[in-house]
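Taking it in order: structure first as structure tokens, then the write-up.
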């Protein structure tokens, strides 16, 4: 695998890769976007809102504001809040935290307030990945296939972390999942128990034949016994008839 044409300009990074399988390139793309843990504002509580914007719409817009990732994870989740009144426009930098964490991008318009309108909101940070919600997404990654098979990557970050760090974390998480799969499938399994004579499959296949043989044998016995019963019945009738005739003959005499 050969990497060339590496360029980084702000939050945009591009490079080319040769001899890389397309499924692996797609896995790197998806893991970089969807499997990098990031902070976002969640569990938003609206204490007061007299603006023309619904509470759900307001919470959705606040949740999509990118938050700068710290070098170390905090022991307690920080809280972002603002208490603003109109007239004026509410920007991303108006969200203040009770810790050193700040928004990643300033001058993002959230909404506007008219005269006399008041909004008082509070939201707690949450750690998540882009697979669960777009507000945890680190950026966008795409690639194109050239005529000679070279893959041209373009990655753009959303400023929570650097683009290079986004790709590194995505590859690390991909390798971690692959190693877990490798460890699972490489475990030594106990050999399966040998089938006993009772639980063997072959005797069970022969049982219908045995049952059929027994059934035919019983039918044969019955068929042989029934004619014998009829014969004996005829004999007894004949004996009774002869006895009656003999008695009549003696009476006539």
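The values are calculated or read from the model by the stated rules, or taken from the named source; none is laboratory data. In this text the structure is predicted, and so the values were computed from the model without any measurement. Counting neighbours? That spans all protein chains shown, and the Cβs are built from the backbone with ideal geometry, glycine included.
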Practice task
Tell me which of these residue 173 doesn't satisfy, since it passes every other one: (1) surrounded by fewer than 16 Cβ atoms within 10 Å (Cβ to Cβ); (2) assigned to a helix (DSSP H, G or I).
Solution key: (1)
Exercise for the section: Identify, by number, the condition in (1) more than 20 Å from residue 137 (Cα to Cα); (2) surrounded by fewer than 17 Cβ atoms within 10 Å (Cβ to Cβ) that residue 90 doesn't meet. Expected result: (2)
Practice task
Search region 51-76 for residues being within 25 Å of residue 163 (Cβ to Cβ), modelled with pLDDT under 90 and within 30 Å of the chain's Cα centre (by Cα), and hand back the single one that is surrounded by the most Cβ atoms within 10 Å (Cβ to Cβ).
Solution key: 74
Problem - In region 57-82, the residues that are touching a helix residue (DSSP H, G or I) at 6+ places or on another chain (Cβ under 6 Å) and part of a loop (DSSP other than H, G, I, E, B) - result: 64, 65
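Only one of 217, 138, 155, 212 is at pLDDT below 95, surrounded by 10 or more Cβ atoms within 10 Å (Cβ to Cβ) and under 26 Å from residue 6 (Cβ atoms); which?
Sole residue among the options that is at pLDDT below 95, surrounded by 10 or more Cβ atoms within 10 Å (Cβ to Cβ) and under 26 Å from residue 6 (Cβ atoms): 138.
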Handout entry: Subset tally (residues that are out of contact with any helix residue (DSSP H, G or I) (no Cβ under 7 Å at 6 or more places or on another chain) and farther than 15 Å from residue 49 by Cβ) for region 108-141
Key = 10
Handout entry: Test: residue in region 41-50 that is more than 28 Å from the chain's Cα centre (by Cα) and not in a strand (DSSP E or B)
Key = yes
Problem - Residues within region 90-104 that are within 12 Å of residue 67 (Cα to Cα) and out of contact with any helix residue (DSSP H, G or I) (no Cβ under 6 Å at 6 or more places or on another chain), tallied - result: 9
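When residues of region 1-25 are filtered for being surrounded by 13 or more Cβ atoms within 10 Å (Cβ to Cβ), part of a helix (DSSP H, G or I) and touching a residue at least 40 places away in the same chain (Cβ under 8 Å), how many remain?
1
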Exercise for the section: Could you tell me whether residue 117 is out of contact with any strand residue (DSSP E or B) (no Cβ under 6 Å at 6 or more places or on another chain), more than 13 Å from residue 33 (Cβ to Cβ), surrounded by 18 or more Cβ atoms within 10 Å (Cβ to Cβ) and in contact (Cβ under 8 Å) with a residue 24 or more places away in the chain? Expected result: yes
